[in-house]
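Colleague: Okay, handing you the structure first.
Values in this text are rule-based calculations from the coordinates and carry no lab data. Worth saying up front: this structure is predicted, and the values here are computed from it rather than measured. Note: ideal-geometry Cβ built from the backbone for every residue, glycine included; neighbour counts use all protein chains shown.
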Amino acid sequence: MNIEQLKFPIGKLNYNRLAEKSTIKEWIHIIENFPDMLANEINNLSEHELNYKYRPNGWTIKQVVAHCLDSHTNSVFRFKVTLTENNPVIKPYDEAAWAKLIDTTDYDIDNLLQGLYHLHKRWAFLLHRLDDKQLNRTFFHPESNETINLKENIYIYAWHSKHHLQHIINAKKFTY
């Protein structure tokens with residue numbers, strides 16, 4: 001695999017703005033079930049295996065799991081702010097710096113996974129109940145200079161979940 005395939009194993013983000021309600025439900029289903037899919041891949045891995053990387057100079061499996069918890073927590077916050085404010089400007093964060101913090105590198109993997117379970121359960125509860133008007137509410141992302149609606153953000157995080165799940169699968173196969 002070349003570096004681009006290792007970096008984007010399911011392909012780059014490619015949102016279809018004409019998504020139908022059934023497609024949005026599929027995306028929500030991915031978000032809802034991500035912790036179970038992740039657990040299936042990481043349960044019974046040793047501490048040594050949790051330090052496998054999905055590409056040279058990439059993150060370890062443990063860092064990917066912690067990143068998902070951090071990123072998805074930020075996403076839930078963005079959903080809630082967007083549902084309660086008019087086109088808010090969201091606050092980006094330095095993912096690479098967060099990936100080096102001790103609560104990423106040294107925190108217990110089972111606790112990280114439990115955090116994802118609880119977060120995704122509550123997040124899916126909210127997502128299943130959004131109506132069309134709410135799905136079209138927007139926030140502004142200053143890093144990408146884009147206005148993003150919640151429907152698009154559901155897609156982004158369904159993609160993000162599958163993207164990092166594949167990173168973990170690849171790390172177990174190729175161990176960089």
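Colleague: In nm, what is the difference between 0.36 nm times the number of residues separating K173 and H48 and their Cα-Cα distance?
Modeller: Stretched out fully, the K173 to H48 stretch lengthens by 43.6 nm.
Colleague: Oh, and also: With just the Cα atoms of the stretch 97-176, tell me how far they stretch along each of the three principal axes, in Å, largest first.
Modeller: 43, 29, 26
Colleague: Pick out which of A97, A39, A124 has the largest mean-square fluctuation in a Gaussian network model of the chain, springs linking Cα atoms closer than 10 Å.
Modeller: A97
Colleague: Also, I was wondering about something else. For the chain, set up a GNM with springs between Cα atoms under 10 Å and report which of I148, I102, I24 has the largest fluctuation.
Modeller: It is I102.
Colleague: Could you work out how far helix 61-84 tilts from the main Cα principal axis of the chain, as a 0 to 90 degree angle to the nearest 10?
Modeller: Helix 61-84 sits at roughly 10 degrees to that axis.
Colleague: Give me the Å³ per residue figure for the convex hull around the C-alpha atoms of the stretch 32-174.
Modeller: 106 Å³
Colleague: Okay, next question. Select from the stretch 1-62 those trypsin sites (Lys or Arg not before Pro) which occupy a DSSP coil region and have at most 12 other Cβ atoms within 10 Å, ordered by residue number.
Modeller: Counting only loop positions with at most 12 other Cβ atoms within 10 Å, the trypsin sites (Lys or Arg not before Pro) in the stretch 1-62 are K12, R17.
Colleague: Then there is this: Please list, by residue number, every one of the trypsin sites (Lys or Arg not before Pro) in the stretch 98-153 that is coil in DSSP and has at most 11 other beta-carbon atoms within 10 Å.
Modeller: Within the stretch 98-153, the qualifying trypsin sites (Lys or Arg not before Pro) (loop, at most 11 other Cβ atoms within 10 Å) are K100, R129.
Colleague: Sticking with this structure for a sec: Defining a contact as two alpha carbons under 8 Å apart and six or more residues distant in sequence, what relative contact order in percent does the chain show?
Modeller: It rounds to 40 percent for the chain.
Colleague: Going through the stretch 1-67, which GluC sites (Glu not before Pro) have at most 15 other Cβ atoms within 10 Å and a DSSP loop state?
Modeller: Passing both the DSSP loop test and the Cβ count: E20, E47.
Colleague: Now for a different question. Suppose only helical runs count, i.e. DSSP H with n ≥ 4. What mean residue ellipticity at 222 nm does that imply for the chain under -39500 (n - 2.57) per run, divided by all residues and rounded to the nearest 500 deg cm²/dmol?
Modeller: Here the helix-only value at 222 nm equals -19500 deg cm²/dmol.
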